[in-house]
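To start, the structure itself, in structure tokens.
The values are calculated or read from the model by the stated rules, or taken from the named source; none is laboratory data. Values in this document were obtained by computation on a predicted structure and should not be read as measured data. Neighbour counts run over all protein chains shown; Cβ positions are idealised from the backbone, glycine included. Quick note on the areas: whole protein, heavy atoms, side chains included, nothing else; ligands and nucleic acids left out. Shrake-Rupley method; radii C 1.70, N 1.55, O 1.52, S 1.80 Å.
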Amino acid sequence: MTSSEFVGTCGAHRETYPKGRRAVDAYRAFHRDGTADRFEGPTLPPIGRTEVEGETIKFTLSLPGGVETESVLIPMRRRTGELTRTLCVSSQIGCAMGCRFCETAQMGLVRHLAVDEIVAQWHVATHQLGHRPKNIVFMGMGEPTDNLDAVIPAIRVLVDHDGPAIAASNISVSTVGNPEGIRRLGELAAEPGFHRLNLAVSLNAPNDRIRAEIMPVDRAWPMDELMDAMLAWPGRPKSAICVEYVLIPGVNDGPEHCDEVCSYLRPLRCSLNVIPYNPRRDSPWPAPEETSVDEFIARSIANGQFTKRRGTKGRDVMAACGQLGNPEIRARRRVADGSRVELSIEGFRRP
Ligand code: SF4
């Protein structure tokens with residue numbers, strides 16, 4: 001709940017809960033200090049596992065039914081030397097999108113996460129692990145636009161001034177490129193207080209032929225529809241969409257691919273974020289050579305495209321980009337809400 005929803009609920013149960021200003025204070029104490037002694041507090045899911053590689057921490061939360069969320073605290077060293085952390089949160093357990101380079105895709109969709117299960121990942125990172133994240137990215141397990149009914153309310157809680165109070169400019173939602181989902185997120189970004197919300201789009205290919213090979217969703221949402229949706233993104237003035245490009249050897253890393261993707265992106269104000277592929281379990285492809293990553297980035301910059309490289313952290317604990325997903329849960333794959341998406345042997349079908 002946002003603070004105003006919480007105050008409203010308390011008002012409706014006056015005998016049990018604090019009311020008015022005391023309700024706001026209780027909400028603040030819960031989110032800001034992690035204490036719930038002013039009312040009968042909610043129960044947080046227990047931490048399942050934590051794995052540490054350097055300063056990167058991957059942790060899971062155990063949910064009823066033997067399933068678990070996965071989140072990653074990623075260290076970011078500023079030029080000033082200050083260490084901040086970005087929290088990568090999951091929006092679903094598993095994912096139905098079937099991207100071939102992604103570990104999570106191997107699980108299929110187990111179920112959507114509820115609003116509190118998303119916010120709990122921030123709460124546990126901050127108050128139990130003791131690392132208050134500066135930024136939040138919806139880049140963990142799941143496709144956020146497939147669960148916007150929980151993701152949008154979770155963002156509202158995370159930016160609540162009386163709650164976690166994270167600036168919308170420090171929150172990024174990454175999507176596989178669902179045009180309708182981008183439109184709904186755009187409605188949120190058009191609201192006061194949310195116009196600096198960041199959008200990241202997982203492109204990963206220069207054309208529909210290659211994209212459909214590695215991302216079955218391209219058959220439902222081709223790149224021209226995706227471009228129309230990105231061009232309509234409201235955002236703040238001068239905002240740039242982050243276009244993610246996982247560089248996979250022999251698939252999308254050639255000079256001709258680089259030129260084609262730069263030409264596709266030309267109408268858009270965006271930053272191209274090149275991510276060296278992190279091999280998933282049983283991956284058909286290796287990680288790219290450093291030279292091919294450097295050459296791709298240099299060529300993209302020479303083409304006039306603003307381009308950055310995303311550093312790889314957490315590879316050893318399967319916490320790096322595209323590596324989240326518990327192989328033990330794969331065997332229990334089921335789609336809880338079959339009305340939303342369906343993954344079949346032929347690939348992705350639009351709901
Ligand atoms: S890359 Fe993202 S959208 Fe694609 S399968 Fe993995 S979690 Fe889902």
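Within the range 266-304, which residues have the backbone N less than 17 Å from the label spot 7 Å out from residue 256 along Cα→beta-carbon, could you tell me? Correct set: 296. Apolar share of the accessible surface for the chain: 50 percent from carbon plus sulfur atoms, 1.4 Å probe.
Accessible area per residue for the chain is 44 Å², calculated with a 1.4 Å probe on protein heavy atoms, without ligands, DNA or RNA. Look at where the Cα atoms of the range 4-34 and of the range 147-217 average out, and the two centres are 29 Å apart.
Express the C-alpha Rg of the chain as a ratio against the empirical globular expectation 2.2 N^0.38 Å, rounded to two decimals.
On the way: Rg = 20.3 Å, N = 351, 2.2 N^0.38 = 20.4 Å.
That ratio works out to 0.99.
Sort 287-300, 64-77 by packing, meaning the average of other beta carbons within 10 Å per residue, with the highest value first.
Numbers: 287-300: 16.2, 64-77: 18.6.
Descending packing order for the listed peptides: 64-77, 287-300.
If both residues of a DSSP beta bridge must be in the chain, then about 50% of such bridges are antiparallel. When you count the other C-beta atoms within 10 angstrom of each residue and take the mean per peptide, 211-221, 79-89, 53-63 line up highest first as 211-221, 53-63, 79-89. Calculated from the alpha-carbon coordinates, the range 36-178 shows an Rg and a Dmax of 14.9, 48 Å respectively. Converting the Cα gyration tensor eigenvalues of the range 1-42 into ellipsoid dimensions via √(5λ) gives semi-axes, longest first, of 15, 11, 8 Å.
About its Cα centre, how strong a charge dipole does the chain have in debye, to the nearest 20, once Lys and Arg get +1 and Asp and Glu get -1 at the Cβ? Don't skip to the answer; put the middle values down first.
On the way: 43 positive and 44 negative charges, 169 e Å.
Result for the chain is approximately 820 debye, rounded to the nearest 20.
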